[in-house]
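Everything below concerns the one structure shown next.
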Amino acid sequence: MTIALAQHRVEAGQVEANVDRAVAAIERAAANGADLVCLPELFNVGYFAFDSYAREAEALDGPTLDRIAGVAADHGVAVQAGSIVEDLEASTAAGFSTPESVGLANASVFLDRAGELQAVYRKQHLFGYDSAENQLLTPGESLPTVEFEGFTVGMTTCYDLRFPELYRELADEGVSLVLVPSAWPYPRVEHWRTLPRSRAIENLAYVAAVNGAGEMGDDRLVGRSTVYDPWGTPVSTCDDGPELVTAELSPSRVDSVREEFPALRDRRL
């Protein structure tokens with residue numbers, strides 16, 4: 001399977017321009033033979049645009065994801081649509097299951113090659129350090145998985161990387177590939193390099209961590225989107241500018257590593 005991480009520029013509050021960049025990245029990745037394209041966290045509104053969250057919040061069938069779904073279907077490529085600020089009341093009214101009937105959430109979705117929504121993951125660990133996220137958003141409660149191209153795929157989001165127990169839950173569900181849309185800023189570059197790599201090593205799984213690019217006010221994203229293999233080896237990566245990071249993944253690689261080094265069988269907790 002060919003995966004593409006779309007590290008595109010994200011401007012605070014500039015939804016139309018940001019979605020245009022995401023669409024262009026999906027189209028380019030599909031033209032290059034990608035089977036799955038992953039977008040950054042809050043790729044449409046921008047993570048640090050806290051004053052835009054309520055104004056730009058959408059239901060899961062809103063205009064942003066509707067457009068991304070259309071592009072996925074047109075090009076026959078699956079898309080892990082980063083995340084959006086979800087209007088829980090609007091999603092509830094549209095018939096979606098939500099953790100609360102009102103409020104906002106940081107929602108990531110997996111769309112199949114036909115543009116059909118297969119899973120919704122709402123960020124469970126909300127950032128509190130110098131951030132308004134945990135004041136504005138409702139945490140998610142579920143941890144869905146998706147079967148795609150021989151992989152059992154799980155999703156987490158950015159700050160979730162600091163909570164390894166979440167990834168153990170995914171390992172218990174047989175997950176072999178974890179997708180991690182993020183908006184990781186400077187100066188915590190070494191954390192960004194270390195945490196997804198650690199989650200790959202601990203769980204003997206692929207981890208694909210996709211970040212955005214660019215500046216939002218005083219904050220600048222570190223980029224460096226990277227795919228790690230089940231040994232924690234970087235398969236493909238980049239610097240902090242806009243880039244399309246591609247990698248070839250194999251389900252049998254996960255199986256062989258877990259057979260060669262069966263650490264998960266030795267767990268006692």
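Things to note:
- Subset of the range 221-243 (residues that are part of a loop (DSSP other than H, G, I, E, B) and either at negative phi or of a type in the set (Phe, Trp, Tyr) (or both)): Val222, Ser225, Asp229, Pro230, Trp231, Thr233, Thr237, Cys238, Asp239, Asp240, Gly241, Pro242
- Hits in the range 53-111 - residues which are in a helix (DSSP H, G or I) and hydrophobic (A, V, I, L, M, F, W, C): Ala54, Leu65, Ile68, Ala69, Val71, Ala72, Ala73, Leu88, Ala90, Ala93
- Leading residue by the ranking (farthest from Tyr228 (Cα to Cα)) among those in the range 110-134 that are open to solvent by 60 Å² or more (accessible area, probe 1.4 Å) and within 16 Å of the chain's Cα centre (by Cα): Leu117
- Only one entry of Leu221, Leu269, Leu249 meets the criterion of being out of contact with any Cys (no Cβ under 9 Å at 6 or more places or on another chain), farther than 19 Å from Leu177 by Cα, of a type in the set (A, V, I, L, M) and open to solvent by less than 30 Å² (accessible area, probe 1.4 Å), and that entry is Leu221.
Here is a yes/no grid of residues against (1) over 21 Å from Pro251 (Cα atoms); (2) in contact (Cβ under 8 Å) with a residue 24 or more places away in the chain; (3) open to solvent by less than 10 Å² (accessible area, probe 1.4 Å):
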| site | (1), (2), (3) |
| --- | --- |
| Gly150 | no, yes, no |
| Thr156 | no, yes, yes |
| Arg162 | yes, yes, no |
| Glu190 | yes, no, no |
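- Any hit, the range 135-148, residues being under 19 Å from Pro40 (Cα atoms), open to solvent by 30 Å² or more (accessible area, probe 1.4 Å), assigned to a helix (DSSP H, G or I) and touching a His at 6+ places or on another chain (Cβ under 8 Å): no
- Residue check, Ala4 in a strand (DSSP E or B) and modelled with pLDDT of 95 or more: yes
The values are calculated or read from the model by the stated rules, or taken from the named source; none is laboratory data. In this text the structure is predicted, and so the values were computed from the model without any measurement. Cβ atoms come from the backbone with ideal geometry, glycine included; neighbour counts cover every protein chain shown. In case anyone asks, the SASA skips ligands and DNA or RNA and just uses the protein heavy atoms, side chains included. Shrake-Rupley method; radii C 1.70, N 1.55, O 1.52, S 1.80 Å.
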